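Participant: A single structure is presented below for examination.
The values are calculated or read from the model by the stated rules, or taken from the named source; none is laboratory data. Bear in mind that the values here come from a model prediction, so they are computed numbers and not experimental data. Quick reminder, even Gly has a Cβ in these numbers, built from the backbone with ideal geometry, and neighbours come from all protein chains shown. Quick note on the areas: whole protein, heavy atoms, side chains included, nothing else; ligands and nucleic acids left out. Shrake-Rupley method; radii C 1.70, N 1.55, O 1.52, S 1.80 Å.
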Amino acid sequence: MKRISDACVQDIIDRAEIVDIVGDFVKLEHRGGRYWGLCPFHSERTPSFSVNQDKNFFFCFGCKKGGSPVNFLMEAEKLSYPEALEHIAHKYGIDIRYEQGSVDSAKDDSRGELLELNKRIAGAFNYVLLNSEEGARARLYLEKRALSRETLEKFQLGWAPEDPFWLGRFLKAKGYSSDFLSLTSLFSKKYPDFSFFHGRVIFPIMDPRGQVVAFGGRLLEGDGPKYLNSSESEIFQKGRNLFGYFQAVEEIKKTARAILCEGYMDVISLHQAGVCNAVAPLGTAFTEMQAKLLKRSATSVMLSFDTDSAGQQATDRAALICEKAELECSISQRGELKDPSEVLEKEGPGILKKMMENGINVMEYFLQKASGLDAGTISGKTEAIRSLFPYLEAIGSEVRRGLFLSQVAKRFAVDQHSIEKDLRAAQSGRPFERVKPSVISEEPAPNRDLYFMLGVAAHRERFVDVRVAVSLDDLEDGQAKGLYIALEESFRNDDASMDAFLSRIEDPRIRTMVMERMASGEFLLNEEKFIADGIKALRIRALERKNEDIKRSIALMTSDGACSESGLNDLMYEKMFLDTELARLKGDRE
């Protein structure tokens, strides 16, 4: 990707509003002059994530991450710096301007070309499904699954023609070379013109920004796997994406709730029924990274996996992951019907929607499962209680764990302390990493120099006054000097960007301290007095130090009897000046 021009970068940074950017990922509440929410970068129940609209930056007091809107996007979406800028430009409708003759990045070029290719393929398959005779059989199949044309367009469903060589011919006609297509994982290595996706209903897989990163394909008839997915690539990692997330994210934010299904058709069937907060893993078990993705916009998750044995195992595992991620979890109840798609076909959208309104609480779900193992014997009861240990271990909250333990003890008529003792014994027999509440680490209290420079960093516009009165040599602390240098470099480069300033702070601990002080509002009150008093204190110390040096020089000159009268007079006059200046500064201070 070509280098974005400096003027365009500045335009993008100037337009980016931190509340707008973060608000796409985190539910924010305005409180005490700032916005607060649950941090998207670590699990927490009490908001420690703050957004300062005036300073246009964020900071989490829990995990210590912070920075500008660009920094947030890079961290939240795992984007490169140019990709984050492009994301902001797209959001605000800014035309991106590139530098003439800039050097392309091979990696960025490859990523961009793959995304453009996938977009073109998705569009072609969608056109074939909706508008051609070739797609008639697939259209009939999807109509029988009770899906409307509007829903097909919403998810950009497509049809890959039966001819396995069709896709290669189509793409080459559009100018793509055989060498490039060989890098896409869409074609056979042994037979480069043979496409894996043929004779299948196509489900484009999108990232959170709506870019097509991969495909899923369902076989209607014939030999081969029922479902086929794209291989992982530099633009697609199964464990980090969720099918339907792009289409569902607005409804998830609105309701703070997501419904997690087993497959593509389940998600699409729920959206067809008006349940538009449904998503699904991508042919793999639900992962912790996918839970973190949901946690950006949701506080609770309903699990709606198939009711067969594999679906029950998937439900158990997903429930544990939701608990570790501190997402409230419930499980849908569908009786004999296997999955949401089947409910839509047999019972209609109204019944399916009603089923998704309420579910069984995850604690009750595990208790019911354990109760089924209790054969009325001591060994059966022991087995039933121990089957609950994985869930108990996943609970991060001590209060929540205590509540569940009391329910278990009551359900099985067993002393709670005995269960806790067995649980501790089981934990000691094998390592287990429990989710723990965030702990805010306390940095050592900064010394006087560093504290002053942290205040200046929080009000960088005041550094113009500081640099006139205070030199680098006036500071004694090395970390304070590092902050002064970073501020001076930003000043000389006429750079108002927080990103640039923070990047110039070499010590990451000091960088964190700057963001933390800014986020806490520690230097908001009486900033003019704080700066003035700090300058005065540093000037007094510098003058006192210089005065002591002069005193030593005078003493040395008078002791050896070899001093010149003019040299001694110069020192005496300088000392008189320093004494007068010190008296003035100290008088003003008092």
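Participant: How many residues are open to solvent by 10 Å² or more (accessible area, probe 1.4 Å) and touching a helix residue (DSSP H, G or I) at 6+ places or on another chain (Cβ under 6 Å) when one looks only at segment 459-475?
Facilitator: Qualifying residue count for the region: 4.
Participant: State which residue is surrounded by the fewest Cβ atoms within 10 Å (Cβ to Cβ) when the search covers only segment 144-174 and only residues that are more than 23 Å from N229 (Cα to Cα) and in contact (Cβ under 8 Å) with a residue 40 or more places away in the chain.
Facilitator: K144
Participant: Could you please tell me which pairs satisfy a Cβ distance under 8 Å, a separation of 6+ or placement on different chains, a first residue in segment 530-541 that is more than 15 Å from R467 (Cβ to Cβ), and a second residue that is among the charged types (D, E, K, R) and assigned to a helix (DSSP H, G or I)?
Facilitator: D533/R589; K536/D588; K536/R589; A537/R448; A537/R589; I540/K586; I540/R589; R541/D474
Participant: If you don't mind, there's one more thing I want to ask. Would you be able to say whether some residue in segment 66-84 is in contact with a strand residue (DSSP E or B) (Cβ under 6 Å, 6 or more places away or on another chain), closer than 17 Å to K295 by Cβ and open to solvent by less than 50 Å² (accessible area, probe 1.4 Å)?
Facilitator: yes
Participant: Checking the structure you have, find out if any residue of segment 305-317 is touching a residue at least 24 places away in the same chain (Cβ under 8 Å) and under 22 Å from K253 (Cβ atoms).
Facilitator: No, that holds for no residue.
Participant: Among the residues of segment 495-518, are any farther than 23 Å from G478 by Cβ, modelled with pLDDT under 85, charged (D, E, K, R) and outside any helix (DSSP H, G or I)?
Facilitator: yes
Participant: Now for a different question. Sort through R334, R317 and tell me the only one that's at pLDDT 90 or above and within 23 Å of S269 (Cβ to Cβ).
Facilitator: Answer to the check: R317.
Participant: Out of the residues in segment 307-360 that are polar (S, T, N, Q) and within 31 Å of the chain's Cα centre (by Cα), state the one that is surrounded by the most Cβ atoms within 10 Å (Cβ to Cβ).
Facilitator: So, considering only residues that are polar (S, T, N, Q) and within 31 Å of the chain's Cα centre (by Cα), the one surrounded by the most Cβ atoms within 10 Å (Cβ to Cβ) is T315.
Participant: Quick check, is F187 under 30 Å from L79 (Cβ atoms) and over 29 Å from the mean Cα position of the chain (by Cα)?
Facilitator: yes
Participant: Still on this model: Just give me the residues in segment 189-231 being over 23 Å from E113 (Cα atoms), among the small types (G, A, S) and open to solvent by 20 Å² or more (accessible area, probe 1.4 Å), in sequence order.
Facilitator: Result: G222, G224.
Participant: Another question, if that's okay. Can you name the residue in segment 127-143 that is without any contact (Cβ under 8 Å) to a residue 60 or more places away in the chain and in contact with a Gly (Cβ under 9 Å, 6 or more places away or on another chain) and, of all such residues, is most open to solvent (accessible area, probe 1.4 Å)?
Facilitator: The qualifying residue most open to solvent (accessible area, probe 1.4 Å) is Y127.
Participant: Related question: What is the number of the single condition among (1) open to solvent by 30 Å² or more (accessible area, probe 1.4 Å); (2) within 30 Å of A7 (Cβ to Cβ); (3) touching a helix residue (DSSP H, G or I) at 6+ places or on another chain (Cβ under 7 Å) that K536 does not meet?
Facilitator: Unmet for K536, out of (1) open to solvent by 30 Å² or more (accessible area, probe 1.4 Å); (2) within 30 Å of A7 (Cβ to Cβ); (3) touching a helix residue (DSSP H, G or I) at 6+ places or on another chain (Cβ under 7 Å): (2).
Participant: From the list L303, L270, which residue is at negative phi, under 25 Å from the mean Cα position of the chain (by Cα) and either of a type in the set (F, W, Y) or open to solvent by less than 10 Å² (accessible area, probe 1.4 Å) (or both)?
Facilitator: Only one candidate passes the filter, namely L303.
Participant: While we're here: Given the options A256, A248, A278, name the one that is among the aliphatic types (A, V, I, L, M), within 15 Å of P40 (Cβ to Cβ) and in contact with a strand residue (DSSP E or B) (Cβ under 9 Å, 6 or more places away or on another chain).
Facilitator: A256
Participant: Right, another one. Filter segment 366-380 down to the residues that are modelled with pLDDT of 85 or more and surrounded by 15 or more Cβ atoms within 10 Å (Cβ to Cβ), then identify the one that is nearest to C329 (Cα to Cα).
Facilitator: F366
Participant: Which of the residues spanning segment 175-188 are open to solvent by 70 Å² or more (accessible area, probe 1.4 Å) and either touching a strand residue (DSSP E or B) at 6+ places or on another chain (Cβ under 7 Å) or in a loop (DSSP other than H, G, I, E, B) (or both)?
Facilitator: Across segment 175-188, the qualifying residue is only L183.
Participant: Mind listing whichever residues of segment 202-237 are within 25 Å of the chain's Cα centre (by Cα), at pLDDT 85 or above and not in a loop (DSSP other than H, G, I, E, B)?
Facilitator: Within segment 202-237, P204, I205, M206, V212, V213, A214, F215, F236 qualify.
Participant: Something else about it: Pick from segment 381-401 the residues that are among the hydroxyl-bearing types (S, T, Y) and at pLDDT 85 or above: which of them is least open to solvent (accessible area, probe 1.4 Å)?
Facilitator: Looking at residues that are among the hydroxyl-bearing types (S, T, Y) and at pLDDT 85 or above, I get Y391.
Participant: Under 6 Å between Cβ atoms, at least 6 apart or on separate chains: pull out the pairs that start in segment 50-64 with a residue that is of a type in the set (A, V, I, L, M) and end on any residue that is open to solvent by 40 Å² or more (accessible area, probe 1.4 Å).
Facilitator: V51/Y35
Participant: Would you confirm whether or not segment 402-411 contains a residue that is more than 30 Å from Y484 (Cβ to Cβ), open to solvent by less than 10 Å² (accessible area, probe 1.4 Å), under 28 Å from the mean Cα position of the chain (by Cα) and modelled with pLDDT of 85 or more?
Facilitator: Checking segment 402-411: not a single residue is more than 30 Å from Y484 (Cβ to Cβ), open to solvent by less than 10 Å² (accessible area, probe 1.4 Å), under 28 Å from the mean Cα position of the chain (by Cα) and modelled with pLDDT of 85 or more.
Participant: Based on what the data block shows, is P431 over 24 Å from C39 (Cα atoms), modelled with pLDDT under 85 and exposed (fewer than 15 other Cβ atoms within 10 Å of the Cβ)?
Facilitator: In short, yes.
Participant: Right, another one. So which residues in segment 463-504 are touching a residue at least 40 places away in the same chain (Cβ under 8 Å) and under 24 Å from the mean Cα position of the chain (by Cα)?
Facilitator: Those that are touching a residue at least 40 places away in the same chain (Cβ under 8 Å) and under 24 Å from the mean Cα position of the chain (by Cα): S497, M498, D499, F501, L502.
Participant: Test of understanding: among S297, S269, which residue is modelled with pLDDT of 90 or more, of a type in the set (S, T, N, Q) and either closer than 27 Å to E44 by Cβ or not in a loop (DSSP other than H, G, I, E, B) (or both)?
Facilitator: S269
Participant: Something else about it: Please find, within segment 43-92, the residue that is modelled with the lowest pLDDT out of those that are within 30 Å of A394 (Cα to Cα) and hydroxyl-bearing (S, T, Y).
Facilitator: Ranking the candidates gives S43 first.
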